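Visitor: This is the structure I have questions about; it appears just below.
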Amino acid sequence: MLCSECCVAAHARLPLHRIYRWNGFFFAKHNLKSLGLRVQLGHHPTGSSCAAPHPAHEGFIVLHDNGFHEVAVDFCGCENQLLRFGWYPSTDKRPRTCATFVALDRFTLSSHQSKMTAYDFYCVLERLTDNTGLEPPDRYEPFLRMARQWRHLHLLKRAGRGHAASGCAGTGSGELARLCPICPRPQVNLPEGFENAPPQDQCLYVMVLAFDACFRLKRRLISSELRNPGLGTGWGYVVEPEPYREYLKTVTDQKEMSTCSGLAALDYANTKFSRGYATTGVVMGVCARHEFVQPNGVGDLQKGERFANTDWVFASILRHLDPRIRKIISYDIVCQWAVYVVERLKELPPLMRLLMLLHLFRFVIPKMHIHGHTRDCQVRYSLNFVPGSGQTDGEGIERPWASIGGIATSTRVSGPGARHDALDCHWSFWNWLKTIGLPALLRRRLEVARKEELVQKEAFEDFTLQQSEHVPKWRKMVEEYEADGSKPNPYESSVKGLTEAEVRKRLEEEEEKEVALGRTRVHDVSPSAFITLGLELEDSQRKIRLQVELKRSSSAASSRESLKQLRGKFNRRLVRFRTLQATYQPAAILQLTNRDVPPEELPEQVPLMLPSALPIHLQSPPGCMAGLADIENALREAQCSSSLVRLRNQLTMKSWLLVYKKNQSRHQAQNTRSRTLVAKNESKIRGHSEKFQMAWQARLSLAGGDEAAVGWPKLRKVDIRCMENPDDLAKKGEKCKRATDRAHQLRRENGLPEEDVEMGDEEGSARAGEKFREVSWIWTMTGLSGTDMDLEEPLRIEWAKAWARSRRWEEERRMLEEEWRRLGASHQHSERAWEARGATVPVGVIDGEIAEGKLAYAMKQAHMYRELQARAEARHRPEALLYGFSVAAEEPEEEGEGHVSAGEDEDARGGIDSEEELLMGGEVDN
């Protein structure tokens, strides 16, 4: 306890401490200003008073990390010393509010890490000041201004603009962005002549870019660029606003999307909720392997995910990349966007003109999103079949969305400039977290790649040995396709069955030839037209059954009327069919006459009695007209082929519908619509599978019960499932094994018999049969007519995929080893760059304290990158790869450097020494 005079003297240099005064009953909160403390700026640390002080505003407020403080401040008459005192002013002319560097650092870290809004942080300071409802003076607007300037100044400082002769004004586009230290950059981390690398080494110098849109980052139609300009928009991650806006004005509305992909991009692009919003989201590009947001790689969306927005962002990113580097472009709608991308890029303004070597580009679809595309897209744009892609999944861009989503509510009501500044700062923090986490990421990926490479190589060699006689021509086919995409695709079937229309046309041509040769028709309606009519009636019955199922829960009059009309139309056509049947199938009429008709038989239950429904001895004369069974057999073959194609398409649709429902449906109305779509799609799946099963059964009857003569396997319920990747099946098998191991461990720990251990939902999801489950045959064959080509083609496709998996894992291992090398090279380059900045500080020309600060900051940054390189090297050692984080690795002391430890205290972020390092990118700025 101190008296008033002693308390003031003790806090002369600690004016933001909280003090409590004894009032006779308890210690009550008090403030130092009321005790007479005045803070003299300009003469610290001597403590002497200024001969010509200038008192600050009477209500001068300082925001600190422990709340609001009303402080009596005297400015020095010779110079302003607020910044030297560690206080950041809200304005440069007669400020009434300041925030301490500590408070601004605390808010910046809280905002970046936990996505705390400025309002919430400000409210915390209010509660720390007084939590009984007594509100301090309102300083919310000045706090927003100070925090925004503080974050922007740090972006400039970390980019070295304080050491540049041109200063802030000379900052170029994208210069404030933190670059990926692993992605290939000539003259930084690539060897000379990398562009001339042999084909087997070209995978080492590939950059994979991923593009996507996020519709959570909206902005309401408030404020404008004129009223709320950005402090450095275009210097970091967001594109330059003015030329971007002017270009979009020249682009008219486009109907660009097809129904190929049904994920959120198309859904949001074609049905937009843009009313009341100036911005409906953003489109962004990242490096797909390491998830770094690219310089000038974020652009606002105005109404949906239009190609024009993506074109601009795409070109904006390519401006910063060397044209000699091979690039793989991943985009969930690339099958539509890439078709005319070159033509659209030629229409961009001069700012975006670039050199684009098309033979160095490959366009792909991310591995999850590709399941929502057609089978043709799944073969043409799969990352699994692209040389140089390794095990890149293309889905890395989804992870930054998960991180940035926390600020969507606050940026939604921001002005355009403030929003762009906030996005730039958060993306910079995201890239920094990725930078310090790269050693752990590479170590983990390399362990997996080395293991999987051996597994896939062994499986491929066994497969090759079994098919050694076919391998040379299969290998040649794959190599030719990879060299020239117009060559036959080895990953898709080339045996195509005839469609029903093609079969009907062929049969009609044959009948016309017979008539031309003098054969007399027994009826004006030809035999093929008669069978076609019967198959159309069969289709009508299926449609009625599906309609009954869909409308079973509906009592609407329109539903009942629709069924009544369908059944009436069927009955009228059935009368026509029975008349023709008396001519072509007298045995069928006899069978129908002797049949016991149920009293409540509905039209969709009436048997049609086509030739395949008759006993084998009645399928030929006199029971049926000669050749009628052969006509049905040919049309049934076409039904099998066409229905299987449609079944595959609906199963593909089911895959993305379920993914979309899980990830995008957020409220009751969307869930209801999604469930309706899933139910309709499920009914179509049942319809196509029923059509195949009926056609297969008919062919079996016409073949006299010989399944081998049918040419198609029997379609069972278990076969009707979505396409499954062999790698996914392997992962499910491993998950099943882990679940079983956990069950055994539980039994041992609790002393329970095996039958008493019940597996929960998590374990139950990995069923024992998943480990041995194979891809359904419906995805691997088109029908077998008994020819060698029919039998060989499925084997060729599976061999080509096995070879692709083996090569992708080998590429992944080699790419990761190269990325380790590039990581160290990039850190060394950054270290040298900061040392060079320090060497250019004009000592003796500028103020001595300023020169000393610049030199110290440059040396500290150089030391930080030296430390990052040492940590990465420690992680890369064989013992670190084997034992993970448990091994401590020390660097020998050289030229005054200390040692670096990669011990147990390091976490998955790459070993962060302190909160200050996490916040400032390795530097502490107090």
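Visitor: Looking only at the stretch 308-343, count every residue that is in contact (Cβ under 8 Å) with a residue 40 or more places away in the chain and closer than 24 Å to Thr392 by Cα and tell me the total.
Guide: 23
Visitor: From the residues in the stretch 208-239 that are under 29 Å from Gly170 (Cα atoms) and among the aliphatic types (A, V, I, L, M), which one is modelled with the lowest pLDDT?
Guide: Only one residue tops the list, namely Leu226.
Visitor: Mind listing whichever residues of the stretch 60-86 are under 49 Å from the mean Cα position of the chain (by Cα), open to solvent by 30 Å² or more (accessible area, probe 1.4 Å) and at pLDDT below 90?
Guide: Leu83, Arg84, Phe85
Visitor: Something else about it: I'm trying to understand the selection: among the residues of the stretch 188-203, which are in contact with a Gly (Cβ under 9 Å, 6 or more places away or on another chain) and open to solvent by less than 20 Å² (accessible area, probe 1.4 Å)?
Guide: Correct list: Asn189, Cys203.
Visitor: Another question, if that's okay. At pLDDT 85 or above and in a loop (DSSP other than H, G, I, E, B), is that true of Pro45?
Guide: No.
Visitor: Give the residue, chosen from Arg362, Arg399, that is outside any helix (DSSP H, G or I) and not aliphatic (A, V, I, L, M).
Guide: Arg362
Visitor: Assigned to a helix (DSSP H, G or I) and either of a type in the set (D, E, K, R) or closer than 24 Å to Val188 by Cβ (or both) - does that describe any residue in the stretch 322-332?
Guide: There is no residue in the stretch 322-332 that is assigned to a helix (DSSP H, G or I) and either of a type in the set (D, E, K, R) or closer than 24 Å to Val188 by Cβ (or both).
Visitor: Further question: With a cut-off of at least 3 residues that are closer than 30 Å to Glu395 by Cβ and of a type outside the set (Gly, Ala, Ser), name the helices (runs of 4 or more DSSP H) lying wholly within the stretch 100-212.
Guide: 101-114, 140-158
Visitor: Within the group Arg475, Arg445, Arg450, which residue is modelled with pLDDT of 90 or more, closer than 11 Å to Trp799 by Cβ and part of a helix (DSSP H, G or I)?
Guide: Exactly one residue qualifies, and that residue is Arg475.
Visitor: Can you tell me which residues in the stretch 146-188 are charged (D, E, K, R) and in contact with a strand residue (DSSP E or B) (Cβ under 7 Å, 6 or more places away or on another chain)?
Guide: Result: no residue meets the conditions.
Visitor: Could you grab me the full set of residues in the stretch 129-187 that are on the phi > 0 side of the Ramachandran plot, open to solvent by 30 Å² or more (accessible area, probe 1.4 Å) and under 30 Å from the mean Cα position of the chain (by Cα)?
Guide: none
Visitor: Which residue pairs have Cβ atoms closer than 6 Å, lie 6 or more positions apart in sequence or on different chains, and pair a first residue in the stretch 696-721 that is closer than 16 Å to Ile685 by Cα with a second residue that is open to solvent by 40 Å² or more (accessible area, probe 1.4 Å)?
Guide: From residues that are closer than 16 Å to Ile685 by Cα, the pairs are Leu715/Gln693.
Visitor: Given the criteria open to solvent by 70 Å² or more (accessible area, probe 1.4 Å), without any contact (Cβ under 8 Å) to a residue 60 or more places away in the chain and closer than 15 Å to Gln541 by Cβ, does Lys569 qualify?
Guide: yes
Visitor: What single numbered condition from (1) more than 25 Å from Glu637 (Cα to Cα); (2) open to solvent by less than 40 Å² (accessible area, probe 1.4 Å) fails to hold for Glu500?
Guide: (1)
Visitor: Between a residue in the stretch 444-472 that is open to solvent by 60 Å² or more (accessible area, probe 1.4 Å) and any residue that is hydroxyl-bearing (Ser, Thr, Tyr), which pairs come within a Cβ distance under 7 Å, given they are 6 or more apart or on different chains?
Guide: Here the result reads Lys457/Ser806, each pair linking the stretch 444-472 to a residue that is hydroxyl-bearing (Ser, Thr, Tyr).
Visitor: Name the single residue, out of those in the stretch 377-396 being part of a loop (DSSP other than H, G, I, E, B) and of a type in the set (Ser, Thr, Tyr), that is nearest to the chain's Cα centre (by Cα).
Guide: Thr392
Visitor: Can you name the number of the only condition in (1) outside any helix (DSSP H, G or I); (2) at pLDDT 90 or above that Leu354 fails?
Guide: For Leu354, the exception is condition (2).
Each row is one residue, and each column tells you yes or no for (1) under 24 Å from Trp430 (Cβ atoms); (2) of a type in the set (Asp, Glu); (3) in contact with a Leu (Cβ under 7 Å, 6 or more places away or on another chain).
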| position | (1), (2), (3) |
| --- | --- |
| Arg96 | no, no, no |
| Ser114 | yes, no, no |
| Phe121 | yes, no, no |
| Met146 | yes, no, yes |
| His152 | yes, no, yes |
| Arg158 | yes, no, no |
| Ala165 | no, no, no |
| Gly172 | yes, no, no |
| Leu179 | yes, no, no |
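Visitor: Another question, then. Residues to consider are Leu517, Leu533; find the one that is under 49 Å from the mean Cα position of the chain (by Cα) and open to solvent by 20 Å² or more (accessible area, probe 1.4 Å).
Guide: The conditions single out Leu533.
Visitor: Oh, and also: What residue, among those in the stretch 818-845 that are open to solvent by 60 Å² or more (accessible area, probe 1.4 Å) and among the hydrophobic types (A, V, I, L, M, F, W, C), is farthest from Arg450 (Cα to Cα)?
Guide: In this case the residue turns out to be Val845.
Visitor: Can I ask one more? How many of the residues in the stretch 108-128 are open to solvent by 30 Å² or more (accessible area, probe 1.4 Å), closer than 27 Å to Ile19 by Cβ and of a type outside the set (A, V, I, L, M)?
Guide: The number of residues fulfilling the criteria is 1.
Visitor: What tally of residues in the stretch 605-641 results from selecting those that are of a type outside the set (A, V, I, L, M, F, W, C), in contact (Cβ under 8 Å) with a residue 12 or more places away in the chain and closer than 13 Å to Ser701 by Cβ?
Guide: Of the residues in that region, 6 qualify.
Visitor: Another one. For Ala739, only one of the following conditions fails: (1) surrounded by 16 or more Cβ atoms within 10 Å (Cβ to Cβ); (2) on the phi < 0 side of the Ramachandran plot; (3) modelled with pLDDT of 80 or more. What is its number?
Guide: Of (1) surrounded by 16 or more Cβ atoms within 10 Å (Cβ to Cβ); (2) on the phi < 0 side of the Ramachandran plot; (3) modelled with pLDDT of 80 or more, only one is false for Ala739: (3).
Visitor: How many of the residues making up the stretch 394-407 are closer than 28 Å to Lys451 by Cβ and buried (at least 20 other Cβ atoms within 10 Å of the Cβ)?
Guide: 3
Visitor: Within the stretch 92-128, which residues are of a type in the set (Ser, Thr, Tyr) and under 42 Å from the mean Cα position of the chain (by Cα)?
Guide: Thr100, Thr108, Ser110, Ser111, Ser114, Thr117, Tyr119, Tyr122
Visitor: Could you check the stretch 804-817 and list, in sequence order, the residues that are in contact with a Pro (Cβ under 9 Å, 6 or more places away or on another chain) and open to solvent by 10 Å² or more (accessible area, probe 1.4 Å)?
Guide: Arg805, Arg807, Glu811, listed by residue number.
Visitor: Could you please tell me which pairs satisfy a Cβ distance under 7 Å, a separation of 6+ or placement on different chains, a first residue in the stretch 82-110 that is more than 12 Å from His57 (Cβ to Cβ), and a second residue that is open to solvent by 20 Å² or more (accessible area, probe 1.4 Å) and hydroxyl-bearing (Ser, Thr, Tyr)?
Guide: Pairs found: Ala99/Tyr88; Phe101/Tyr88; Leu104/Tyr88.
The values are calculated or read from the model by the stated rules, or taken from the named source; none is laboratory data. What you see is a predicted model; the values in this text were computed from it and never measured. Counting neighbours? That spans all protein chains shown, and the Cβs are built from the backbone with ideal geometry, glycine included. Areas reflect the complete protein model, heavy atoms only, side chains present, ligands, DNA and RNA absent. Shrake-Rupley method; radii C 1.70, N 1.55, O 1.52, S 1.80 Å.
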